Amino acid sequence: MRSDAEVKPREPEASTLIPESGEEAFALTARDIQMFKMAHEQRFVIYHQLKRAFWPDRSDRANACYKRITRLVNEGYFTIERTDMKKRLSIYLITQKAHAELKACGEDSTLPLYTRTGDFERSLNHDLNVNSIRILFREFGLDQWTSERVLKERDHVAWHVPDGVLNVHGRRIAVEFENFLKGRRRYEELFRSYKKGGRYYLVFMILREDLRDWLFEMDYNAQQVWFLNYNDLMKYRRLAFLENKRGRRPLERILK
């Protein structure tokens, strides 16, 4: 299954976003605020992710998502920036105007407005996939997500910071996404941190690559740490299987 980073949906072009004459008076909606909040906490989103998260039941032909996001860009709430990557993705960041709206209604997570840094694209594919994971859990009705940015900049977490923390019925689940497997030492330190911390009920290790035997057999708390393949998660959703050296179980059993 293709990742969101590989999807090429129809999206507004910055050069064509010209207000139509006779447009009705503009007013922000609760959905607009939630879109701003997600983009703000995750730093950015792409068009396909906004459509999937906030217009899940509308067909492309209905064009509702395209029209609304175009209007939000025209009104100065979203800005579109192009990446320098080969695929030239269009990313959506909120503006100072949108940030002021979030702050006014207490939805800014006490974070400053994000601006792109020089190393922004180094983790772009990773961050896009983390966005997709957050949106998938949102589709399950689990929208209590604390992003890595919030953990670092608002909560000032001093220990290891996961890619996100999902709250499931009051239980905190750390979510780690790995685009590529790293060295053994990195995972030794990671598992040691989770084992001694006691801060998370479970840890989901979501891997883009196939699970390797050496990682599977490492020293980790098998009651806490579970491995899950990213493509299986996107394809099978709640029916995807978590596994570790003690066994396997369907994701839906944990999310109930």
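The values are calculated or read from the model by the stated rules, or taken from the named source; none is laboratory data. In this text the structure is predicted, and so the values were computed from the model without any measurement. Cβ placement follows ideal geometry from the backbone for every residue including glycine, while neighbour counts extend to all protein chains displayed.
With respect to Glu209, is the statement that it is closer than 25 Å to Arg52 by Cβ, of a type in the set (Asp, Glu) and touching a Lys or Arg at 6+ places or on another chain (Cβ under 7 Å) true? Judged against the criteria, Glu209 is not a match. Looking across the stretch 97-123 at every residue that is buried (at least 18 other Cβ atoms within 10 Å of the Cβ) and among the hydrophobic types (A, V, I, L, M, F, W, C), the one that is nearest to the chain's Cα centre (by Cα) is identified as Leu111. Of the residues making up the stretch 85-120, just one is in contact with a strand residue (DSSP E or B) (Cβ under 7 Å, 6 or more places away or on another chain), β-branched (Val, Ile, Thr) and in a loop (DSSP other than H, G, I, E, B), namely Thr95.
Residues are listed down the side, and each one gets a yes or a no for (1) crowded, with 19+ Cβ neighbours inside 10 Å; (2) more than 14 Å from Phe78 (Cα to Cα); (3) modelled with pLDDT under 95:
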site	(1), (2), (3)
Pro9	no, yes, yes
Leu17	no, no, yes
Ser21	no, yes, yes
Phe26	no, yes, yes
Met35	yes, no, no
Met38	yes, no, no
Ile46	yes, no, no
Leu50	yes, no, no
Phe54	yes, yes, no
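All of Leu239, Leu207 fail the test of being crowded, with 19+ Cβ neighbours inside 10 Å and among the hydrophobic types (A, V, I, L, M, F, W, C), apart from Leu207. When you look at Ile173, is it modelled with pLDDT of 95 or more, assigned by TED's automatic domain parsing to the domain that holds Glu209, under 18 Å from the mean Cα position of the chain (by Cα) and β-branched (Val, Ile, Thr), yes or no? Considered against the rule, which asks whether it is modelled with pLDDT of 95 or more, assigned by TED's automatic domain parsing to the domain that holds Glu209, under 18 Å from the mean Cα position of the chain (by Cα) and β-branched (Val, Ile, Thr), Ile173 comes out as yes. Within the stretch 149-175, the set of residues being acidic (Asp, Glu) and surrounded by fewer than 20 Cβ atoms within 10 Å (Cβ to Cβ) comprises Glu153, Asp155.
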